[in-house]
1. Where in segment 128-166 does the label zone of residue 372 land, with the point 7 angstrom along Cα→C-beta and an amide N cut-off under 12 Å?
2. Given the peptides 87-95, 365-373, 127-135, arrange them by the average over their residues of other C-beta atoms within 10 Å, most packed first.
3. Along Cα→Cβ, 7 Å out, is where each label goes; now give me the distance between the ones at residue 413 and residue 208 in nm to one decimal.
4. Report relative contact order for segment 347-429 in percent, whole number only (criteria: Cα-Cα under 8 Å, sequence separation at least 6).
5. Starting with the highest mean, order 385-393, 400-408 by the number of other Cβ atoms within 10 Å, averaged over the residues of each peptide.
6. Can you sort 105, 421, 177 from fewest to most other Cβ atoms within 10 Å of each residue's own Cβ?
7. For semi-axes √(5λ) of the Cα gyration tensor in Å, pick the label among (1) 37, 25, 21; (2) 60, 26, 19; (3) 59, 22, 20 that corresponds to the value derived from the coordinates.
8. Jot down the per residue volume, in cubic angstrom and as a whole number, of the convex hull over the alpha-carbon atoms of segment 278-429.
């Protein structure tokens with residue numbers, strides 16, 4: 001191992017708040033400047049982000065992918081072919097040492113989200129990081145504080161926050177169509193006979209692999225528990241607590257975040273997670289059926305229930321004192337391109353007088369894909385406006401999600417004190 005590489009790896013474990021290179025006076029691209037991008041993590045999701053960045057480059061010419069990074073040689077070589085001219089790296093530390101990179105897109109396992117995001121923010125880069133924001137609530141607090149201190153753009157990959165659907169839902173709620181919101185219900189369920197997250201494993205790939213089959217397992221583990229190479233852990237990381245929060249961080253983040261956008265973005269004060277490993281028997285640690293519930297200071301609750309054993313989850317809705325908003329489940333095949341608002345019977349006459357209909361249907365509220373969210377990130381790099389899933393909303397969602405995972409694992413109800421920014425086991429005074 002070279003001295004340079006050894007020093008990079010040592011710095012990676014020196015603490016989340018330590019910048020890998022000295023904080024820089026970052027360049028802010030002007031209207032006619034090209035944004036130079038590095039993409040870190042090139043599995044299925046990272047490869048999708050890379051393709052969208054390349055598509056933006058080809059269509060608008062204001063973005064250029066100049067570097068790609070992955071610990072698996074096959075993936076990084078493939079990424080360099082997609083982004084013509086991009087330099088491949090095995091270590092994100094080396095990519096971040098470059099002076100010409102304005103922004104990074106991160107799609108690694110969850111346990112690397114905070115270390116890489118912090119290193120990027122502290123070195124003057126804007127960041128697009130896939131959900132979840134971080135692996136733990138405490139990491140999320142540090143990331144959000146760092147983004148604010150460094151005045152960087154941070155976008156978390158909840159693509160639906162860039163759709164018209166949730167802005168239209170917020171407009172209807174703000175107009176008083178539901179009355180006082182009392183409850184939000186969501187879901188994100190699947191049914192994969194072979195087992196959700198049991199993605200293909202490349203034969204021969206690992207730390208002993210040669211050529212494109214080589215994986216730097218130590219770099220991939222980072223600060224996670226040291227253990228011998230496991231192809232299942234590498235290729236199917238979402239099944240294990242060291243690298244993921246399971247259903248909550250992979251799926252429920254998508255469900256909780258829109259409620260924060262259109263109802264009220266605040267920290268939950270009480271959170272619980274429940275469920276179990278009811279069906280799968282493939283060595284996974286995380287539950288295959290999971291429910292989380294949170295109470296919020298503005299006197300409403302959020303309840304999300306999902307399973308990987310049955311794809312037909314509960315109806316997604318926002319319940320108000322005077323009416324109920326029925327929403328399509330964008331992720332479960334029950335998608336529809338409108339929002340239906342149905343008054344509660346005692347308020348039906350009042351609703352019709354005020355809004356001119358027995359019930360209201362809001363059109364143009366379907367799934368708009370991922371590109372709008374990526375475009376929002378790149379446009380905010382220039383405008384310096386906050387993106388749709390910025391550090392503030394991302395941290396408050398992470399508090400809900402992270403405490404639900406912790407509740408399930410520890411068998412406790414958790415509380416959060418936003419004044420002290422602390423996780424508690426009893427309600428704050």
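1. Within reach of a label on residue 372: 159-166.
2. 127-135, 87-95, 365-373
3. Label at residue 413, label at residue 208, 5.2 nm between them.
4. Numbers: 38 pairs, mean separation 9.3, N = 83.
Answer for segment 347-429 is 11 percent.
5. 400-408, 385-393
6. Placing the least packed residue first, the sequence is 421, 177, 105.
7. (1)
8. Taking only Cα atoms, segment 278-429 has a hull volume of 208 Å³ per residue.
No value in this document is a laboratory result; all are computed from the given coordinates. Bear in mind that the values here come from a model prediction, so they are computed numbers and not experimental data. As a convention, Cβ positions derive from the backbone with ideal geometry for all residues, glycine included, and neighbour counts pool all protein chains shown.
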